[in-house]
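Here is the structure we will look at.
The values are calculated or read from the model by the stated rules, or taken from the named source; none is laboratory data. For clarity, every value in this text was computed on a predicted model and none was experimentally measured. With ideal geometry, Cβ positions are generated from the backbone for all residues, glycine too; neighbour counts draw on all protein chains shown. Please note that ligands, DNA and RNA were not included when accessible areas were found on the heavy atoms of the full protein model with its side chains. Shrake-Rupley method; radii C 1.70, N 1.55, O 1.52, S 1.80 Å.
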Amino acid sequence: MIRIRLFFWLLLFAACVDPRGTGSLATHSPEIAATVATDSAFAELVRQLSERGGYFDTDNLISNETSYLHVLGKMRELGVSGGAYIGVGPDQNFSYIAEVRPEIAFLIDIRRDNLLQHLMFKSLFTLSRNRMEYLCNLFARPLPDDLSGWTRRELEMLLGYIDSTPTDAVEEELALARVASQVADFGVRLTEADVATIRGIHTTFIREGLGLRFRSFGRRPRPYYPTYRQLLLETDLTGRHASYLASEGDYRFLKSLQERNLIVPVVGDLAGDHALAAIGGFLKERGLRVSAVYTSNVEFYLARAGTLDRYAENVVGLPHEANGVIIRSYFGRNFGFAHPQAVPGYYSVQLLQTLSDFGNDAADGGYRSYFDLVTRNSLDLQ
């Protein structure tokens, strides 16, 4: 009996320990977990929170923000962790989620294609036991003979395997079929066009590999747009590789969230009248607060559309932690202004502001312009 009890407590401890191996506990609200415990409940939450989709002038399959990891050191210093995470765009969010270790994450974007891409990612996490299998499933590469032996290898070696291992039509079709079958199991209602879009997104990753670049519609490609390889190998300001695939512990944490339906993709406009407010209501009902909001450079487009004030109202309405932050990106060369936070060699600039400061500014007359927004109350990252 004593041995059985000891075994039980060892299992419970193993389930609660942070997969990073830091010894901190990964606490998750039973109420939150119960809300999305089934795929049908997950699909219904996606439906309830989402708005009608809109247009954005890039494919946005990957980020163009090479500076995206520069905020992590300051976030650690501030102790930004737990609670809820809200972000826009594709998989750069996973690196922030891995850092924050939230109880639940919402990935909101005006493009329905972004929701579909996140269903693809969810499928990949579900199908893949470790980072190597995840990359092989994403790029339709055959698995190495000793898959478990790759668990402790550096990210550069994993990417090297993808670069040096060819695929073929059979391997590609198998990977596409595995992902499509898994996506169908999540319960989210998909049209034939949605299914074709997911297949098209996955095919693009397979065909272009780690050389895949961010694309804009109606504008010529920019030489500073990074490849997917560059983004995965980016570092924080201390020089530490910090993308979500740099650490097996980070990967396992994300896989755990995905498998428990705790990364929820949502279609919505940050300045819209439903999605962000609905997420706020969901959190308030369950006593959960936001630790981090990642907006990329969406605020630039909202300012141009004249909806920055509506967006500010939505953000201020979110319940947030005292040390909660907004992560944003700024592309200063477009405005002829070199931001004081700019890092030499980087076209994009990552900015960090506390949600409290944002709320205070919004209450004190708001922001006169996008330029005003990105130059007031940004935290020093150095």
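Give me the dipole magnitude in Debye, nearest 20, for the chain about the Cα centre, with unit charges on the beta carbon: positive for Lys and Arg, negative for Asp and Glu. Please list the in-between numbers first.
Numbers: 39 positive and 45 negative charges, 50 e Å.
So the magnitude is around 240 debye.
Arrange the residues Asp185, Asp109, Asp269 by how much accessible surface each exposes, largest first, with a 1.4 angstrom probe. Show your work: numbers first, answer last.
On the way: Asp185 90, Asp109 15, Asp269 45 Å².
Most to least solvent-accessible, the answer reads Asp185, Asp269, Asp109.
Calculate the spin-label point distance for Asn360 paired with Tyr346, positioning each point 7 Å from the Cα along the beta-carbon direction, and give it in nanometres.
So the label points at Tyr346 and Asn360 sit 2.5 nm apart.
Among the helices of the chain (complete DSSP H runs), which have Cα atoms covering no less than 18 Å along the helix axis and a Kyte-Doolittle mean of at least 1.6? Write out the running numbers ahead of the final one.
Numbers: long enough: 2-16 (21 Å, 1.92); 112-127 (23 Å, 0.18); 169-184 (22 Å, 0.62); 192-208 (24 Å, -0.06).
Once both thresholds are applied, what remains is 2-16.
Under 5 Å between amide hydrogens, which residues at least 5 positions from Val325 or on another chain qualify, with H placed 1.01 Å from N in the peptide plane?
Under 5 Å from the amide H of Val325: Ala292, Val293, Leu355.
What is region 226-382 by shape, rounded, prolate or oblate, if you read a ≥ b ≥ c off the alpha carbon gyration tensor as root eigenvalues and call it rounded for a/c under 1.5, prolate for a/b larger than b/c, and oblate otherwise?
On the way: a/c = 1.75, a/b = 1.04, b/c = 1.69.
Here region 226-382 falls in the oblate category.
Rolling a 1.4 angstrom probe over the protein chains, ignoring ligands and nucleic acids, what is the accessible area of His241 in square angstrom, nearest 10?
Accessible area, nearest 10 Å²: 70 Å².
Based on the Cβ-Cβ distance of Ser256 and Ala193, what FRET efficiency does E = 1/(1 + (r/R0)^6) give at R0 = 41 Å, to the nearest 0.05? Working shown, then result.
Details: r = 32 Å, r/R0 = 0.77.
Taking R0 as 41 Å, the efficiency between Ser256 and Ala193 is 0.85.
If we sort 43-50, 153-160 on the protection proxy, mean other Cβ atoms within 10 Å, highest first, what's the order?
Numbers: 43-50: 17.8, 153-160: 14.9.
Those peptides, ordered most packed to least, come out 43-50, 153-160.
Considering only protein heavy atoms, what is the solvent-accessible area of Lys284 at a probe of 1.4 Å, reported in Å² to the nearest 10?
120 Å²
State, to one decimal in nm, how far the label point of Arg178 lies from the label point of Lys284, with both points 7 Å from Cα in the Cβ direction.
For Arg178 paired with Lys284, the spin-label model returns 4.4 nm.
With every protein chain present, what is the per residue accessible area of region 183-342 (1.4 Å probe, Å²)?
Details: 6920 Å² over 160 residues.
Here the per-residue accessible area is 43 Å².
If the viscosity is 1.306 mPa s and the temperature 10 °C, what Stokes-Einstein diffusion coefficient in µm²/s follows for region 160-266 when Rh is the Kirkwood radius over Cα pairs? All intermediate terms of the calculation are to be shown ahead of the outcome.
On the way: Rh = 16.6 Å.
D = 95 µm²/s.
Within the chain, what whole-number % of the accessible surface is contributed by carbon and sulfur, with the 1.4 Å probe and all protein chains included in the calculation? Let's see the in-between values first.
Working: 9040 of 16780 Å².
Percent of accessible area from carbon and sulfur atoms in the chain: 54.
Just subtract the alpha-carbon distance of Ser40 and Thr375 from 0.36 nm times their residue separation and send over the number in nm, one decimal.
Numbers: separation 335, 0.36 × 335 = 120.60 nm, distance 4.39 nm.
Contour length minus the Cα-Cα distance gives 116.2 nm.
Given a Förster radius of 41 Å and the C-beta distance between Ala305 and Gln382 as r, what FRET efficiency does 1/(1 + (r/R0)^6) yield to the nearest 0.05?
With a Förster radius of 41 Å, E is 0.80.
Could you check the simple spin-label distance between His274 and Arg368, using points 7 Å along Cα→Cβ, in nm with one decimal?
3.7 nm
Obtain the radius of gyration and the Kirkwood radius of the chain from its C-alpha atoms and give Rg over Rh.
Values: Rg = 20.4 Å, Rh = 21.4 Å.
A ratio of 0.95.
Across bins of 10 angstrom width beginning at 0, how are the C-alpha pair distances of region 50-105 distributed, in whole percent?
Binned Cα distances yield the sequence 20, 46, 27, 8.
Pull out a ≥ b ≥ c, the square roots of the eigenvalues of the alpha-carbon gyration tensor of region 210-301, then state rounded if a/c is under 1.5, prolate if not and a/b is larger than b/c, and oblate in the remaining case.
Oblate, because a/c is 1.5 or more while a/b does not exceed b/c.
Considering amide H positions built from the backbone, and no H for Pro or chain starts, which residues 5 or more places from Ser247, or on another chain, come under 5 Å of its amide H?
none
If ligands, DNA and RNA are left out, what is the accessible area of Arg229 with a 1.4 Å probe, given in Å² to the nearest 10?
80 Å²
For the chain, build the charge dipole from Cβ charges (+1 Lys, Arg; -1 Asp, Glu) around the Cα centre, then report which of Gly359, Ala184, Leu270 sits farthest towards its positive end.
Gly359
Can you list the residues of region 243-261 with backbone N under 18 Å from a point 7 Å past the Cα of Thr126, pointing along Cα to Cβ?
It comes to 252-261, nothing else.
Could you give the radius of gyration (one decimal) and Dmax (whole number) of the Cα atoms in region 82-159, in Å?
14.2, 41
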